[in-house]
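Q: Quick one: this structure, given as C-alpha coordinates, is what I'll be asking you about.
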Amino acid sequence: MIEFKSDIWPVCNEFSKLWAVKTEELSDVSKEPPIIIGGRDRATNARFFVQKAEGANTYKFSNTNLGDIGTKPGGWLGAPELILTNDTAKTLLVKFKKVDDITTATTSTSLSLVDKLRLRMFPFY
(Lines give C-alpha, C1' and ligand atoms only; values in the text may rest on other atoms or scores of the structure.)
Protein backbone atom coordinates (compact mmCIF):
# COMPACT_ATOMS: atom_id res chain seq x y z
CA MET A 1 0.00 0.00 0.00
CA ILE A 2 1.15 3.51 -0.72
CA GLU A 3 -0.27 6.31 1.38
CA PHE A 4 -0.34 10.00 0.50
CA LYS A 5 0.87 12.05 3.46
CA SER A 6 1.15 15.80 3.49
CA ASP A 7 1.44 18.45 6.19
CA ILE A 8 -0.85 20.69 4.12
CA TRP A 9 -3.71 18.17 4.35
CA PRO A 10 -4.10 17.72 8.13
CA VAL A 11 -7.86 18.34 8.37
CA CYS A 12 -9.01 15.58 6.01
CA ASN A 13 -8.42 12.63 8.29
CA GLU A 14 -11.81 11.08 7.56
CA PHE A 15 -10.85 10.28 3.96
CA SER A 16 -8.56 7.44 2.89
CA LYS A 17 -5.21 8.59 1.57
CA LEU A 18 -4.22 5.22 0.12
CA TRP A 19 -3.35 5.07 -3.57
CA ALA A 20 -5.60 2.95 -5.79
CA VAL A 21 -6.20 2.32 -9.47
CA LYS A 22 -9.56 3.78 -10.52
CA THR A 23 -11.58 0.58 -10.85
CA GLU A 24 -14.15 1.89 -13.32
CA GLU A 25 -11.40 2.09 -15.94
CA LEU A 26 -9.50 -1.02 -14.88
CA SER A 27 -11.08 -3.27 -17.52
CA ASP A 28 -8.86 -1.79 -20.25
CA VAL A 29 -5.33 -1.08 -19.00
CA SER A 30 -4.36 0.21 -22.46
CA LYS A 31 -6.44 3.31 -21.62
CA GLU A 32 -4.04 3.98 -18.73
CA PRO A 33 -6.45 4.29 -15.79
CA PRO A 34 -5.60 7.01 -13.26
CA ILE A 35 -4.15 6.43 -9.82
CA ILE A 36 -6.45 8.02 -7.26
CA ILE A 37 -6.40 8.66 -3.53
CA GLY A 38 -9.15 6.81 -1.72
CA GLY A 39 -8.11 3.18 -1.78
CA ARG A 40 -9.25 0.59 0.72
CA ASP A 41 -6.86 -1.41 2.86
CA ARG A 42 -6.05 -4.78 1.19
CA ALA A 43 -8.19 -4.07 -1.89
CA THR A 44 -6.82 -5.54 -5.14
CA ASN A 45 -6.68 -2.16 -6.87
CA ALA A 46 -4.67 -0.71 -3.96
CA ARG A 47 -1.89 -3.32 -3.97
CA PHE A 48 1.42 -1.88 -5.09
CA PHE A 49 4.95 -3.09 -4.70
CA VAL A 50 8.37 -1.53 -5.16
CA GLN A 51 10.71 -2.90 -7.83
CA LYS A 52 14.36 -2.09 -8.37
CA ALA A 53 14.98 -0.04 -11.51
CA GLU A 54 18.22 0.93 -13.24
CA GLY A 55 20.45 3.25 -11.25
CA ALA A 56 21.58 3.58 -7.66
CA ASN A 57 18.71 3.72 -5.16
CA THR A 58 16.22 3.93 -8.06
CA TYR A 59 12.89 2.13 -7.92
CA LYS A 60 9.48 1.99 -9.58
CA PHE A 61 6.02 1.17 -8.25
CA SER A 62 3.92 -1.57 -9.82
CA ASN A 63 0.42 -2.90 -9.31
CA THR A 64 0.28 -6.69 -9.13
CA ASN A 65 0.03 -8.09 -12.69
CA LEU A 66 -1.47 -4.88 -14.12
CA GLY A 67 1.44 -2.57 -14.88
CA ASP A 68 3.66 0.15 -13.52
CA ILE A 69 2.75 3.52 -12.11
CA GLY A 70 3.63 6.20 -14.59
CA THR A 71 2.86 9.83 -15.33
CA LYS A 72 1.29 11.87 -18.09
CA PRO A 73 0.70 15.62 -18.31
CA GLY A 74 -2.41 16.46 -16.31
CA GLY A 75 -5.08 19.06 -16.83
CA TRP A 76 -4.09 21.27 -13.90
CA LEU A 77 -1.23 23.50 -15.11
CA GLY A 78 0.37 20.49 -16.79
CA ALA A 79 1.17 18.91 -13.41
CA PRO A 80 1.86 15.19 -13.84
CA GLU A 81 -1.05 12.82 -13.34
CA LEU A 82 -0.35 9.36 -11.95
CA ILE A 83 -1.57 6.51 -14.18
CA LEU A 84 -1.28 2.75 -14.52
CA THR A 85 0.71 2.07 -17.68
CA ASN A 86 2.67 -0.56 -19.56
CA ASP A 87 4.69 2.12 -21.41
CA THR A 88 8.21 2.15 -19.95
CA ALA A 89 8.77 5.71 -21.22
CA LYS A 90 6.02 6.92 -18.86
CA THR A 91 7.12 4.92 -15.80
CA LEU A 92 7.57 7.02 -12.66
CA LEU A 93 10.98 6.41 -11.12
CA VAL A 94 11.79 7.35 -7.55
CA LYS A 95 14.96 7.52 -5.52
CA PHE A 96 14.90 6.63 -1.86
CA LYS A 97 17.13 8.43 0.59
CA LYS A 98 17.58 7.52 4.22
CA VAL A 99 16.66 10.46 6.45
CA ASP A 100 17.35 11.09 10.09
CA ASP A 101 14.15 11.37 12.10
CA ILE A 102 14.48 12.90 15.55
CA THR A 103 11.40 10.99 16.75
CA THR A 104 12.99 7.63 15.90
CA ALA A 105 16.55 8.44 16.93
CA THR A 106 16.19 6.97 20.40
CA THR A 107 18.35 4.54 22.26
CA SER A 108 15.34 2.40 23.13
CA THR A 109 15.55 -1.21 22.01
CA SER A 110 11.76 -1.52 21.86
CA LEU A 111 11.63 -0.21 18.29
CA SER A 112 12.26 -2.67 15.49
CA LEU A 113 14.70 -1.96 12.67
CA VAL A 114 11.74 -1.21 10.40
CA ASP A 115 10.45 1.37 12.88
CA LYS A 116 13.88 3.00 13.15
CA LEU A 117 14.57 3.11 9.42
CA ARG A 118 12.73 5.91 7.62
CA LEU A 119 12.95 6.43 3.89
CA ARG A 120 11.88 9.45 1.90
CA MET A 121 11.23 9.19 -1.82
CA PHE A 122 12.12 11.74 -4.46
CA PRO A 123 10.27 11.32 -7.78
CA PHE A 124 11.85 12.33 -11.06
CA TYR A 125 10.46 12.19 -14.59
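The values are calculated or read from the model by the stated rules, or taken from the named source; none is laboratory data. All values reported here derive from a predicted model rather than from experimental measurement. Positions of Cβ are backbone-derived with ideal geometry, glycine not excepted, and every protein chain shown enters the neighbour counts.
Q: Hey, Asn45 hits all of (1) modelled with pLDDT under 65; (2) surrounded by 12 or more Cβ atoms within 10 Å (Cβ to Cβ); (3) in a helix (DSSP H, G or I) but one; which does it fall short on?
A: Here Asn45 clears every test but (1).
Q: OK, next. Say we look at segment 1-42 and pick out the residues that are assigned to a helix (DSSP H, G or I) and modelled with pLDDT of 65 or more; which of these is surrounded by the most Cβ atoms within 10 Å (Cβ to Cβ)?
A: Thr23
Q: How many residues does segment 48-75 contain that are farther than 17 Å from Pro33 by Cα and assigned to a loop (DSSP other than H, G, I, E, B)?
A: Summing the residues that are farther than 17 Å from Pro33 by Cα and assigned to a loop (DSSP other than H, G, I, E, B) in segment 48-75 gives 5.
Q: Please go through segment 63-81 and give me each residue that is within 13 Å of Asn45 (Cβ to Cβ) and surrounded by 15 or more Cβ atoms within 10 Å (Cβ to Cβ), ordered by number.
A: Passing the criteria: Asn63, Leu66, Gly67, Ile69.
Q: Taking the residues in segment 76-95 that are farther than 14 Å from Ile35 by Cα and assigned to a strand (DSSP E or B) as candidates, determine which candidate is modelled with the lowest pLDDT.
A: Lys95
Q: Cβ-Cβ distance below 8 Å, separation of 6 or more or different chains: which pairs start in segment 73-90 with a residue that is within 17 Å of Lys22 (Cα to Cα) and end on one that is of a type in the set (Phe, Trp, Tyr) and surrounded by fewer than 13 Cβ atoms within 10 Å (Cβ to Cβ)?
A: Once the first residue is within 17 Å of Lys22 (Cα to Cα) and sits in segment 73-90, its partners that are of a type in the set (Phe, Trp, Tyr) and surrounded by fewer than 13 Cβ atoms within 10 Å (Cβ to Cβ) give Pro80/Tyr125.
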